[in-house]
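The values are calculated or read from the model by the stated rules, or taken from the named source; none is laboratory data. On a predicted model such as this, the values are computed, not experimentally measured, just so you know. Cβ placement follows ideal geometry from the backbone for every residue including glycine, while neighbour counts extend to all protein chains displayed. What goes into the accessible areas is simple: the full protein's heavy atoms, side chains included, and nothing from ligands, DNA or RNA. Shrake-Rupley method; radii C 1.70, N 1.55, O 1.52, S 1.80 Å.
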Amino acid sequence: MDREEFIKRYAEGERDFATADLGGTDLSNIDLNDVDFGGADLSGANLSNSIFGLTTNLSGVDLRYANLSRADMQDVNLDLVDLRKANLTEAILNRSQLNGADLRGAVLTGAQLSEVDLVGAKLEGADLSGAILRGADLSGADFSQAIMIGTDLTESDLTNTNF
C-alpha cells in the first residue's frame, strides 16, 4: 500500500491496518493515533515526525530499518517489536514499553527514553549517544557493544544488565 492509499483510507475513517504490507511506505508527519498496525510490515517505512499514542497498536510489527527519527511514541506499547537497525534519532519514547524488543544495531542518538521499560531488550551494537534513559528499567537488557557516549542512566534499574 502506498502513502496516498493509506491517507485516503485513514481519512475515510479506517483504522484497522493489522497485517497490512506497508514496508517502505512514506508515512512521515502523520498522526497515527488509534491505528491498529498489529502484525503489519512497516520494515523500511518512513515514520519520521509521526505521532503515535496509547491507542496505537504496534504488537508484532516489523519495524526493521524503519525511520522513526523525531517520532513521538510516548506511552506506546512496543513489547517484543522488531526494531533492528531502525533509526530512532531524537525520538520521544518516554514511558513506553519495550520489554523484549529487538533494537540490535538501532540508532537512538539523542532519543528520550525516560521511565521506559526495556526489560530483557536486545540493544547489542545500538547507538545510544546522548540518549536520556532516566529512571528506565533496564533489567536483563543486553547493551554489549552499544555506543553510550553521554547516555544518561540516572536512577535506572541496571539489575543483570549486560554492558
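Can you run down the residue pairs with Cβ atoms below 8 Å, 6 or more apart or on separate chains, where the first is in the stretch 58-76 and closer than 12 Å to Ser28 by Cβ and the partner is open to solvent by 60 Å² or more (accessible area, probe 1.4 Å) and of a type in the set (Val, Ile, Thr)?
Ala71/Ile51
Output the residues belonging to the stretch 128-147 that are assigned to a strand (DSSP E or B) and either farther than 18 Å from Leu78 by Cβ or not charged (D, E, K, R) (or both).
The answer is Ile132, Ile147.
With the structure loaded, tell me whether Arg70 is in a loop (DSSP other than H, G, I, E, B) and either out of contact with any Lys or Arg (no Cβ under 6 Å at 6 or more places or on another chain) or crowded, with 17+ Cβ neighbours inside 10 Å (or both) or whether it fails that test. Before you say what the answer is, go through the steps one by one.
Numbers: in a loop (DSSP other than H, G, I, E, B): yes; either out of contact with any Lys or Arg (no Cβ under 6 Å at 6 or more places or on another chain) or crowded, with 17+ Cβ neighbours inside 10 Å (or both): yes.
Criteria met by Arg70.
Taking the condition assigned to a loop (DSSP other than H, G, I, E, B), open to solvent by less than 40 Å² (accessible area, probe 1.4 Å) and either over 19 Å from Leu83 (Cα atoms) or in contact with an Asp or Glu (Cβ under 9 Å, 6 or more places away or on another chain) (or both), does Gly150 pass?
Spelling it out, it is not the case that Gly150 is assigned to a loop (DSSP other than H, G, I, E, B), open to solvent by less than 40 Å² (accessible area, probe 1.4 Å) and either over 19 Å from Leu83 (Cα atoms) or in contact with an Asp or Glu (Cβ under 9 Å, 6 or more places away or on another chain) (or both).
Counting just the residues of the stretch 20-48 that are over 12 Å from the mean Cα position of the chain (by Cα) and under 20 Å from Val116 (Cβ atoms), which one comes out surrounded by the fewest Cβ atoms within 10 Å (Cβ to Cβ)?
That would be Asn33.
Taking only pairs six or more apart or across chains, which ones have beta-carbon atoms under 6 Å, a first residue in the stretch 109-124 that is in a loop (DSSP other than H, G, I, E, B), and a second residue that is aliphatic (A, V, I, L, M) and open to solvent by 40 Å² or more (accessible area, probe 1.4 Å)?
Qualifying pairs under 6 Å: Ser114/Ile132.
Within the stretch 57-67, count every residue that is buried (at least 20 other Cβ atoms within 10 Å of the Cβ) and modelled with pLDDT under 95.
3
Out of all the residues in the stretch 119-147, which are among the small types (Gly, Ala, Ser) and surrounded by 20 or more Cβ atoms within 10 Å (Cβ to Cβ)?
First pass over the stretch 119-147, keeping only residues among the small types (Gly, Ala, Ser): 120-121, 125-126, 129-131, 135-136, 139-141, 144, 146.
Selection gives Ala121, Ala126, Ala131, Ala136, Ala141, Ala146.
Among (1) at pLDDT 95 or above; (2) assigned to a loop (DSSP other than H, G, I, E, B), there is one condition Asn33 misses while meeting the rest; what is its number?
Status for Asn33: all satisfied but (1).
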